[in-house]
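Colleague: Below is one structure. I have some questions about it.
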Amino acid sequence: MKKILFIIPYVPYPLNSGGNQAFFNMVEYIKEKMSVSILLYPKTGQDLINIEELKKVWSNVHFFVFKLDDPQFRNSLYVSVLQKIKASITRKIRRRLIKQESDPIREKSLLSQSYYPELPSQYLDYVAKISRSGFDIIQVEFFELISLGYILPPDTESVFVHHEIRYIRNENEMALFNNLTEGEKMYFQLAKDYERAALLQYKHLIALTETDKNILKQLTNKENIYSSPAIVRLSENNIFQPITTNRLTFLGSGGHYPNNDAMKWFASEIIPILRKKNFHFTLEVIGSWNLKEAKTMENASEIEMTGFVPNLHQYLNGSISIIPVRIGSGMRMKALDAIAAQAPIISTSKGIEGIDLRHNEECLIADSPEKFAEEIIRLSQDINLQKKLSSQAYNRLKQLYKPEEMLKRRMDIYNQIMQH
């Protein structure tokens, strides 16, 4: 049986988030056809507990768990404080260098963190050692680990899965800056060149959408680039429920800045329009948000911080799912989860980028605050439109992203890779 090693920057457990569930679905399928190993880097004590729970679920998967030797670095609070101090100092130095007044999006931008995501030398040694243990395929995921391609063995088929193309996200963020400096233009190009050079270290690239696949082809001129969408399990138990209480939902954690920006934009630009039109509603935000992240919405009394929900699809059902996302690339799991829950969607173009949904057929698309507010009011008052959008989106998801077909598609990619 062929051997594959997955290297990811997070612990994919518990299974209450779209990304964790998508990874879980893939491994569940692949582990019956290949010998699967996963290399993890736990950052907290809870991560270690979650790994032990994951081992119980996947008894036939081998785990490599990296731990820094110094006990103080295993203290999650200590690491968190150091990371926040470093990020704060980096932002302040950058603002001083470019002599630019800060604005919220510039302060949260990942531009200054895109030249080289620093990794501990002990971790790099560990990855280099484990990767030379006779694997047929080594798959690395997420931009944080993109530089690992430089240390993987040349005689192994190396794969990088790009969930969000960083230079595209940088472009999106920079377009929202108050103004753009020559220094930032330079930093953007440096980061883009770094991303391209790192991608070229891998023999194969996988994108989640055809849109991102085409972008990567233009960026790298590589031939071995594949598209393989995330897998969402559909349940026949979810039946469309009319939305009669103006209940809106947003799915996403505050730690991911595109979500933070989306909610800030909604709270500051869209809610005032809805208030002027005397439209009363509640918006339930599902996901983990700390007090600082939620501060951007503190003046919006219509917003309720729901946090974790045990049954995501059941909770989304009976709501209008909004996706006011302006930043990023890749496949939006929040859109797939809403469709699976048979919740009608209102989104920006960016929010459903790469997913084949059409305006007025499977969703409503609005890119200005005025249009977004208008579509919320229109959809909330039209039960027939709610039902049409949710049912047609559900049928289209079943047609285009059948879980079994998507899993087979990923396995076909691995078979193709192993023939090289």
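The values are calculated or read from the model by the stated rules, or taken from the named source; none is laboratory data. Given the structure is predicted, the values throughout are model-derived calculations rather than measurements. FYI the Cβ positions are ideal-geometry reconstructions off the backbone, even for glycines, and counts take in every protein chain you see. With ligands, DNA and RNA removed, areas are computed over all heavy atoms of the protein, side chains included. Shrake-Rupley method; radii C 1.70, N 1.55, O 1.52, S 1.80 Å.
Colleague: Given R₀ = 51 Å, FRET efficiency for Asp356-Asp125 by Cβ-Cβ distance, to 0.05?
Modeller: My answer for the efficiency is 0.70.
Colleague: Treating only the Cα positions of the chain as identical point scatterers, give the base-10 log of I(q)/I(0) from the Debye formula at each q in 0.07, 0.12, 0.13 Å⁻¹.
Modeller: -0.35, -1.08, -1.27
Colleague: List the lysines whose Cα sits under 19 Å from the Cα of Lys185, skipping any in the same chain fewer than 8 residues away.
Modeller: Lys185 reaches Lys92, Lys99, Lys108.
Colleague: Let me ask something additional. For region 18-71, build the convex hull from the C-alpha positions and give me its volume per residue in Å³.
Modeller: Hull volume normalised by residue count: 82 Å³.
Colleague: Same structure, new question: Measure up Lys334/Lys388; Lys203/Lys334; Lys192/Lys222; Lys3/Lys408 against 22 Å on the Cα-Cα distance and list the ones that go over.
Modeller: Checking Cα-Cα distances, Lys203/Lys334 exceed 22 Å.
Colleague: Follow-up question, since we're still on this one. Pull out the extension gain between Lys371 and Ser59, defined as 0.36 nm times the separation in residues minus the alpha carbon to alpha carbon distance; nm, one decimal.
Modeller: So the chain would gain 107.3 nm between Lys371 and Ser59.
Colleague: For Glu164, what residues show an amide H to amide H distance below 5 Å, using hydrogens built from the backbone and excluding near sequence neighbours?
Modeller: Long-range HN contacts for Glu164: Phe143.
Colleague: Let me ask something else. Let me have the relative contact order for region 260-392, percent, based on Cα pairs under 8 Å that are six or more residues apart.
Modeller: 23
Colleague: Roughly speaking, to the nearest percent, how much of the chain's 1.4 Å accessible area is carbon and sulfur?
Modeller: 50
Colleague: Also, quick follow-up: Compute the helix-to-body angle for 45-57: its Cα long axis versus the longest principal axis of the chain, expressed 0 to 90° and rounded to tens.
Modeller: 80
Colleague: What are the ³J(HN,Hα) couplings of region 133-148, residue after residue, when phi is run through the Karplus curve with 6.51, -1.76, 1.60 and θ = phi - 60°? Round to Hz, x for glycine and proline.
Modeller: Each residue of region 133-148 in turn: 9, x, 7, 7, 9, 10, 10, 10, 10, 6, 4, 3, 10, 4, 6, 5 Hz.
Colleague: If you line up the long axis of helix 18-30 against the longest principal axis of the chain, both from Cα atoms, how many degrees apart are they, to the nearest 10?
Modeller: So the helix axis and the longest Cα principal axis differ by about 50 degrees.
Colleague: Ignoring everything except DSSP H segments at least 4 long, calculate the 222 nm mean residue ellipticity for the chain; use -39,500 (n - 2.57) per segment, divide by total residues, nearest 500.
Modeller: The per-residue figure over the chain is -13000 deg cm²/dmol.
Colleague: By how many degrees, between 0 and 90 and to the nearest 10, does the Cα long axis of helix 121-131 differ from the longest principal axis of the chain?
Modeller: The angle comes out at about 70 degrees.
Colleague: So what J values fall out for region 34-39 if you push phi through Karplus, 6.51 cos²θ - 1.76 cosθ + 1.60 with θ = phi - 60°, rounded to Hz, Gly and Pro as x?
Modeller: With the stated coefficients, region 34-39 comes to 9, 7, 9, 10, 10, 9 Hz.
Colleague: Counting heavy atoms of the protein chains only and a 1.4 Å probe, report the per residue accessible area for the chain as a whole number of Å².
Modeller: 45
Colleague: Antiparallel versus total DSSP beta bridges in the chain: what percent is that, nearest 5?
Modeller: If I count the DSSP bridges inside the chain, around 0 percent turn out antiparallel.
Colleague: Sort the following peptides by mean Cβ neighbour count (other Cβ atoms within 10 Å, averaged over residues), highest first: 213-219, 257-263.
Modeller: Per-residue Cβ counts within 10 Å, averaged per peptide and sorted highest first, yield 257-263, 213-219.
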